[in-house]
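Any read-out appearing in this document is the output of simple, stated calculations on the displayed coordinates, not a laboratory observation. As the structure is a prediction and not an experimental result, all values here were calculated from the model. Virtual Cβ from ideal backbone geometry, glycine too; neighbours counted across all protein chains shown.
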């Protein structure tokens, strides 16, 4: 591939593996400092703020990335950015303000926990800072400054480790949320400096007419993205929100679920780096035609899928051992639900991140997926509620969550095939997945670390053999 997209994707994944390991170490420190009940409180507060973050998102960041990537006029780049920044400031400020003022109503009226209010007020500042930080990172990504972006992310992972560990140790839950605010604020400052230094002239400002046009272009795609994102977040957070209602006096149980969900979602950190590459690169491919884009995407997706699947398999096998070793049994109750949630997040990574950023967003046809995926996620949330209400607790919540994303994935693939004539799941992908699946299941059943190590090595051997046979491991550096 002439644009080197695969190399940047792999570089991004490797960087994210490094930052994820630091993030996991950071989470280990935080979890060891806090009690399961305190960690459950944090999960509940983050679930509420997660809804607020979706409302303020509106697909603004990814829409701006697409607009800059498609624009060939260097003088238009700062105009698009400043216009989008104004929109981001307005939306994020309003949402943060609403969360701040409704903190008491949520904490007392819904969960009957007045102490939750101060955490939600702190998170209102975090939501505002997160919106600005995300926009600045997307701006750097839109310029294809991938090496700089990944390097800064690696540095910030180390900084966050110190920040979260020290503040949580000193101030416990309040310190954790203070670290959230500081982290996003620092990220915004650094990324905005990098972006402004990377463009030809940052003193070119848009006119009112240009601002209106940019806002219209951004929101025309962003509103669809926001609906999909809202459906996804509701799917993700529904379980813990419902558990909070039914088991508010058993915060240990909520803490166990939050632990499993938090560490399962770490897989998404790997694929966010791929999204940062996909949107600008494949949007540029789309300028050469839809068929050209689809061909490039399929060529890239096969190699990427095998690489991510083997990471998923090996990490799934060893998670229980690492958890038991690191926490001395403190969160062993979460291990029974981890496979459900980790598998769910793997499907999310493939469909909502890689496929969406590689083909759906560039062609600007997000509406293909809106009705089907929202309907499925609403049905899934209803199922999760019924299972929790029926007494199945965290198992019901995890199983319902996985079922929802499987149905959503199948429907998304069907719509993409029907509307874009793009068949994403090939026989090779099915064969490769099928060969590793029994090894994953066996690795989850056995308790011996040595047996698991043998299974992991066999998985890697299968990856190498099938990878060479399918020609999906090595690529010609001259053609990349």
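Once you put a point 7 Å from the Cα of residue 392 and another 7 Å from the Cα of residue 198, both along the Cβ direction, what distance in nm separates them?
If labels sit at residue 392 and residue 198, their model points lie 4.5 nm apart.
Express in whole angstrom the spacing between the alpha-carbon centres of segment 238-312 and segment 396-446.
A separation of 13 Å, based on Cα centres.
Full extension from residue 318 to residue 454: what is 0.36 nm times the residue separation minus their Cα-Cα distance, to one decimal in nm?
Working: separation 136, 0.36 × 136 = 48.96 nm, distance 1.15 nm.
Gain on stretching residue 318 to residue 454: 47.8 nm.
Using packing as a proxy for protection, rank 36-49, 286-299, 403-416 so that the peptide with the highest average count of other Cβ atoms within 10 Å comes first.
Values: 36-49: 22.6, 286-299: 16.1, 403-416: 19.5.
Final packing ranking: 36-49, 403-416, 286-299.
So, by mean Cβ neighbours within 10 angstrom, what's the order for 53-64, 80-91 with the highest one leading?
Working: 53-64: 24.1, 80-91: 20.1.
Packing order, densest peptide first, comes out as 53-64, 80-91.
Which shape class, rounded, prolate or oblate, goes with segment 61-173 when its Cα gyration tensor gives a ≥ b ≥ c as root eigenvalues, a/c under 1.5 marks rounded, and past that a/b bigger than b/c marks prolate? Spell out each step's value before the answer.
Numbers: a/c = 4.03, a/b = 1.59, b/c = 2.54.
In terms of gyration-tensor shape, oblate.
Here are labelled values, (1) 1.26; (2) 0.95; (3) 1.13, and one is the computed Cα Rg over 2.2 N^0.38 Å for what I pasted. Which one?
Given (1) 1.26; (2) 0.95; (3) 1.13, the calculated one carries the label (2).
I want to check the label-to-label distance for residue 73 and residue 425. Put each point 7 Å from Cα in the C-beta direction and report it in nm to one decimal.
That separation, rounded to one decimal, is 4.5 nm.
With a ≥ b ≥ c taken as the square roots of the eigenvalues of the C-alpha gyration tensor of segment 271-346, please select rounded if a/c is under 1.5 and otherwise prolate if a/b is larger than b/c or oblate if it is not? Before the final figure, lay out each step's value.
Details: a/c = 3.92, a/b = 3.30, b/c = 1.19.
Judged from the Cα gyration tensor, segment 271-346 comes out prolate (a/c at least 1.5, a/b above b/c).
Subtracting the Cα-Cα distance from 0.36 nm times the residue separation, let me have the gained length for residue 220 to residue 295 in nm, one decimal.
Working: separation 75, 0.36 × 75 = 27.00 nm, distance 2.63 nm.
Length gained, residue 220 through residue 295: 24.4 nm.
What distance in nm separates the two pseudo spin-label positions at residue 210 and residue 186, each 7 Å out from Cα along the beta-carbon direction?
If labels sit at residue 210 and residue 186, their model points lie 3.5 nm apart.
Given the Cα-Cα distance of residue 37 and residue 378 and 0.36 nm per residue of separation, how much length would full extension add, in nm? Could the numbers behind the result be given before it?
Details: separation 341, 0.36 × 341 = 122.76 nm, distance 2.89 nm.
Net length gain for the segment: 119.9 nm.
Counting only helical runs of four or more DSSP H residues, what would the 222 nm mean residue ellipticity of the chain come to if each run contributes -39,500 (n - 2.57) and the total is spread over all its residues?
On the way: 15 runs with 383 residues, N = 480.
That comes out to -28500 deg cm²/dmol.
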